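Visitor: Mind having a look at this structure? Questions to follow.
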Amino acid sequence: MATPISGKPGSTQRPMAVAAPKPAAALQNPSSEQILPDSTNFPPLYEAAILYAAGHADATQETLKDYMKTTDGKNSIRTWLMLFDFYHLTGNRREFDALSMLYSVKFERSPPVWTDTLDAADPRRKEKRERKDFFALTPDSDGALLGEIDKFESFAKEIGSCRVDFTKVKTILCEEAELFAIVFQRLRRAKIPVWFNAFDGFAITLRASINGTTGLPLNASQGFWSLLFELYIFEGKINEYEELGLEYAVAFEMSPPAWQSVNRPLPAGDEFAAAVNPDAEKATLGFPIKGVVNASSKEVFQQLSLYAASKKEVVIDTSDLMRIDFVAITLFFDSIRSIHMSQKRVILSNLNELVAALLEVFGMTKHAILMRKKAA
């Protein structure tokens, strides 16, 4: 089922300048010499990934749509998921929604959920900032948090963003949790991004508080529920949110609050957040690589090398990685291989389908575990 990158009669001519790499079996260390003008035939999904890496969006879409017309293509969930990712990455909501309807009918399952892209929505993403928005919640000697919650809200509004650290919070009263939830609602409506350290431990504390009030009236636990709902919204944990909402509906025979989508960019300096608090890596899912990796991304991989130096297992979060530019594939490959060759386990998590296919073409599976983002 392989299709050449060259054009087909009667269709828009595909770019002949896009060079496909050598097959993965022969690719030990990709170099510019291996990227030749004459294309090698590849299966359509890999061809689409190569075209996308080279910046040829129209040809990528044509390749995927052509393959979708074949029996193999339309029966392969990966084809659908790659097309979903393509529409999402290129901001084509209309085609994404149209594909969602067809996907639901064919596979009888929910399609991927559209989320707003990060691009330039928040100009603060482009600023080079030090970690000045770190706020460690420190309870009073008796464990009270009310004063800290007030200071946290003022701090976040003044700085314009905040990473709140829950490490020292071991207990929380229902009234404090309710106030905290209200503060988070205000910050969310003001579009002030908030991130968390020690999130998982604090979520467990809230769940324990909810479980401890089972059978009591709602007013005895509303604060715990409200705060946990808000935290899940900021973290984008829609599955956990829905599970909590079902428990809430069963317990109190009323609808939970509606899910809200939050556009929360990764803050500058998160790759070193673990140095501030060990739980930061859990919050960021590892070292974040985001946007488009290109020839000017050398500093990112220098930072990755420093980050990986003290670790035996190096998790790299690619949730916000849109594309690896074709000319930067060697830079990406060599950086990952170098870490792996120093006796470390490398995991590339939350890959979109186009990037995952590109890395497979280049034999990245020899040096890293590739984990595509979770499908619906």
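Visitor: Explain nothing, just the number: relative contact order of the stretch 281-372, from Cα pairs under 8 Å at least 6 residues apart, as a whole percent.
Guide: Worked out over the stretch 281-372, it gives 30 percent.
Visitor: A further question on this structure: Quick check: net charge around residue 73, other residues with Cβ under 14 Å of its Cβ, Lys/Arg +1 and Asp/Glu -1?
Guide: 0
Visitor: Okay, next question. Modelling each spin label as a point 7 Å along the Cα-to-Cβ direction, I'd like the residue 104/residue 374 distance in nm, to one decimal.
Guide: It works out to 2.1 nm between the two label points.
Visitor: Oh, and also: For an R0 of 45 angstrom, estimate the FRET efficiency from the Cβ-Cβ distance between residue 173 and residue 292 and round to the nearest 0.05. Kindly include the intermediate steps, with their values, before the conclusion.
Guide: Working: r = 46 Å, r/R0 = 1.03.
Result of the calculation: an efficiency of 0.45.
Visitor: Here's another thing I want to ask about it. Within a 10 angstrom radius of the beta carbon, how do 104, 335 rank from fewest other beta carbons to most?
Guide: Result, fewest neighbours first: 104, 335.
Visitor: Would you kindly state how much longer the chain becomes between residue 97 and residue 214 on full extension, computed as 0.36 nm times their sequence separation minus their alpha carbon distance, in nm to one decimal?
Guide: This chain segment gains 38.1 nm when fully extended.
Visitor: Count the lysine pairs in the stretch 281-372 whose Cα atoms sit under 20 Å apart, keeping only pairs 8 or more residues apart in sequence or on different chains.
Guide: Within the stretch 281-372, the lysine pair count is 10.
Readers should treat all values here as calculations from the given coordinates under stated rules, not as data from a laboratory. Here the structure is a predicted model, which means the values were calculated and not measured. All Cβ positions, glycine included, derive from the backbone under ideal geometry; neighbour counts span all protein chains shown.
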